[in-house]
Amino acid sequence: MKIGFIGLGLMGGPMAANLRKAGHALKVQDLRREAARELLAAGAQWSDAAAADVELVFTSLPGPREVQAVAGQILDAARPGTAWFDLSTNSPDVVRRIHVRCLEKQIHMLDAPVSGGPTGAQSGRLALWVGGDRPTYDRCLPVLKAIGDEPFYVGPIGAGSVAKLVHNASSFMVQAALAEAFTLGVKAGVEPLALFRALRQGATGRARTFDRLAEKFLPGTYDPAGFALHLAHKDVTLALELAKANGVPMRAGEHALAELSEAMQRGWAERDCRVAMTLQEERAGVSVRVAADRLREALA
Ligand code: NAD
C-alpha cells in the first residue's frame, strides 16, 4: 500500500519502520528531518505533504495541538477515499471535530491511540484502540497488524481515545498508589526486594491489573462476599495506622479508606468489599455492568 506517515518520534519512528519492513511504500514527514534518517536509508521517501497521493495516512504526534496543526494540510493534500489513522494520544473532542471536517472531503479519519511504549512500537507488541468507521477499520486491518499485534475496534469515532485516556488514568492512579504502598513497606522495615517478591504472589500481584474487575464489579454481584467489606476496612485501617507510626503520608490510602468507610455507613459490612465501587457509580450517575456470559467470552 502507499502510506504517508507524519511524526517520526519515539513511537512513530519504529511504527513507520515496521510498515516499511512489511513492504509498504512509505512517504514520511516530521518537523525534524533527522528523525527520518534511518527510514530513508530503509527506502522510505521524504515528503513535505505525506498525505498526498497515498491510500492511507498515519499521524503520531505529541497531542491535540500538533494534530490540529497538520489536519489542514492533510485535508488539503489527501484525495477522497483516503483513510487517516491518528495514532497520537488525543482529545476525543478534537478527534470528533476533525472527523466531521474530514467527512466533508470523503476522508475517513479514525482515532487509533496505541499502548506499549517505544519497546512495543519496535517489537510490534502494541495495542491499538480504534474508533471510527468500521468498514475502513476492517479494510486496513492487515496494515494495522504490521504496527501492532493487538488492534482492537472499540466503537465510533473518539472511542479509541476514550479507552486510551481511561487506560492511562488507571495507570497513573495505580502508579501513585504503589509509590505510597512501597514507601510504607520499606519504611516499616521490609527489604525492598523481599517486599516486591512477596507482593507479586498476592491476590492482586498474580492477577492482570484489570482482570479482577470481572469477578464482582462488572457483573455487579456483591453477595455472598468473597472478601467482606468489614475485613477490608479493618486491613486498610491497620495499614494507615502503620503509615502514621512510620511517618509515611498516604493520600491514596486515605481516599481508599474513605470509600470503604462510606460503604460501611451504608450498612454493607457483610457484603463483598468491592461493593464500595458502586458509590462512585452513584456519584458519576452511570452503571458499569456486563452480563456474566459476555464477560466469560471476553476473558476466554
Ligand atoms: P515524540 O515527541 O518522540 O514524537 C513526536 C514527533 O512529532 C517528533 O518527532 C516531532 O518532531 C513530531 N512533530 C511535532 N509536531 C509536528 C508537526 N506539526 N508536523 C510534523 N511532525 C511533528 O513523542 P512520542 O513519544 O513518539 O509520542 C507520540 C504520541 O504517542 C503521543 O501522542 C504520545 O502521547 C503517544 N504515546 C507515547 C508513548 C510513549 O511511551 N512514548 C506510548 C503510547 C502512546
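The values are calculated or read from the model by the stated rules, or taken from the named source; none is laboratory data. Note that the structure is a prediction, hence the values are computed from the model and not measured. Because the Cβ atoms are built from the backbone with ideal geometry, glycine has one as well, and the counts that use them run over all protein chains shown. In case anyone asks, the SASA skips ligands and DNA or RNA and just uses the protein heavy atoms, side chains included. Shrake-Rupley method; radii C 1.70, N 1.55, O 1.52, S 1.80 Å.
Taking Lys and Arg as +1 and Asp and Glu as -1, the other residues whose beta-carbon sits under 14 Å from that of G247 total 0.
Show me the three semi-axes of the equivalent ellipsoid for region 90-214, from the C-alpha gyration tensor (sqrt of 5 times each eigenvalue), largest first, rounded to whole Å. Write out the running numbers ahead of the final one.
Numbers: eigenvalues 287, 51, 27 Å².
The equivalent ellipsoid of region 90-214 has semi-axes of 38, 16, 12 Å.
Could you give the distance between the Cα centres of region 242-287 and region 197-237, to the whole Å? Between the Cα centre of region 242-287 and that of region 197-237, the gap is 13 Å.
Mean projection of the Cα convex hull over all viewing directions, computed for region 1-59: 3.3 nm².
If you take the Cα centroid of region 83-162 and the Cα centroid of region 20-82, the two points sit 15 Å apart. Residues of region 62-80 falling in the label zone of F172, defined by backbone nitrogen less than 19 Å from a point 7 Å along Cα to beta-carbon, are 62-67. Evaluated on region 189-300, the Kirkwood hydrodynamic radius is 15.8 Å, with distances taken between all distinct Cα atoms. If the segment from R200 to R289 were pulled out straight at 0.36 nm per residue, it would be longer than the present Cα-Cα gap by 29.2 nm. Sorting K2, K21, K145 by solvent-accessible area of protein heavy atoms yields K21, K145, K2, largest first, with a 1.4 Å probe.
The Rg/Rh ratio for region 1-100, using Cα coordinates for both the radius of gyration and the Kirkwood hydrodynamic radius, is 0.94.
Against the compact-protein benchmark of 2.2 N^0.38 Å, the Cα-based radius of gyration of region 49-119 scales to 1.03.
All Cα-Cα distances of the chain, cut into 10 Å bins from zero to the largest, leave 6, 22, 26, 19, 17, 9, 1 percent in each bin in turn.
Pairs K2/K164; K164/K187; K145/K216; K21/K164; K21/K145: which exceed 24 Å Cα-Cα? Intermediate values should be presented prior to the final figure.
Values: K2/K164 28 Å; K164/K187 34 Å; K145/K216 33 Å; K21/K164 27 Å; K21/K145 12 Å.
Result: K2/K164; K164/K187; K145/K216; K21/K164 exceed 24 Å.
Across the protein chains, with a 1.4 Å probe defining accessible surface, the residues R139, R212 rank R139, R212 from largest area downward.
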